[in-house]
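Data block below; observations after.
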Amino acid sequence: MGYFKGEPPGLFGQKQISIFLTLERTNMRELFGKSTVSTAVLLSSLLWSYGAQAQTADTGEGHVWDTYVNARFAYSICYPGDVLLPQEEAANGDGRVFITKDGKSEARVYGSYFGTDEDQTLKKEYLREIQFYQSEGFTITYKFLKNDRFVISGSRSEKILHQKTVVVKGVFKTLRFEYTDDVKQKFDTIISRMSSCFRTKLTTTKGRMWRQPHESKGILLAEIRERLSNFYTS
């Protein structure tokens, strides 16, 4: 049917949903001669069931949430596109940086391999990160270590740090924030939301899209298209 079959796009938000809806309505009507109303109803229900509501404005804080998907290390993260502006994905494909308009605060998400060093453990990486931040002048205000993850928070002068790292099958997947004191209240809410939607165990499906087993929040275009096709040809 002429659909793109390469790697999934890293960003998928409200604008892309709108474009997708318009194209699919047109394509399906031309291909199958069916009512665009029927198409719209089916598309709406499918998009809702796959979490399209997570890409619309947050009624509590007024933010517009988008999603970044990383194909190389199989993770995804939601982010407030009206607050954190996505920069170009890293050249090696390990992650992305999101910065505020004034450039003073940022979020980083990235993956890295656990390594082959027999002495390397999650605890050693945790202690190494703490040591690094302390060498950078941060005072560690909170730290937490579990069997598959750790969290570190700290501060220096007017800067606040928060890092969450999860290890999945030999890969570190990290979400890291640095922000200024004056936006602490806003960022506390953003960090809570982004931490809860940090999906670290994505798997591939038909069409090389990504999904979180048993708790998908992304828009699975390949599956939506397949179900649309079945609907119109049955």
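The values are calculated or read from the model by the stated rules, or taken from the named source; none is laboratory data. Remember, it's a predicted structure, so these values are computed and weren't measured experimentally. All Cβ positions, even for glycine, are placed from backbone atoms using ideal geometry, and neighbour counts span all protein chains on display.
Just a few scattered comments:
- Scope the range 172-207; condition hydrophobic (A, V, I, L, M, F, W, C) and modelled with pLDDT of 90 or more; matching residues: Phe172, Leu175, Phe177, Val183, Phe187, Ile190, Ile191, Met194, Cys197, Phe198
- Residues being in contact (Cβ under 8 Å) with a residue 60 or more places away in the chain and either surrounded by fewer than 21 Cβ atoms within 10 Å (Cβ to Cβ) or outside any helix (DSSP H, G or I) (or both) - total across the range 188-202: 8
- Taken residue by residue, the range 49-69 has at least one member that is within 17 Å of Lys173 (Cα to Cα), in contact with a Pro (Cβ under 7 Å, 6 or more places away or on another chain) and at pLDDT below 95.
- As a summary of the residue check, Ile140 satisfies the conditions (1) at pLDDT 95 or above; (2) in contact with an Asp or Glu (Cβ under 7 Å, 6 or more places away or on another chain); (3) among the aliphatic types (A, V, I, L, M) except for the one numbered (2).
- Unmet criterion (only one of (1) modelled with pLDDT of 90 or more; (2) assigned to a loop (DSSP other than H, G, I, E, B)) for His214: (1)
- Flag if Phe138 is buried (at least 19 other Cβ atoms within 10 Å of the Cβ) and farther than 29 Å from Val64 by Cα: yes
- Output for the range 70-97, where each listed residue is among the acidic types (Asp, Glu) and in contact (Cβ under 8 Å) with a residue 60 or more places away in the chain: Glu89
- Restricting the range 146-187 to residues that are among the charged types (D, E, K, R) and touching a residue at least 60 places away in the same chain (Cβ under 8 Å), the residue that is surrounded by the fewest Cβ atoms within 10 Å (Cβ to Cβ): Lys186
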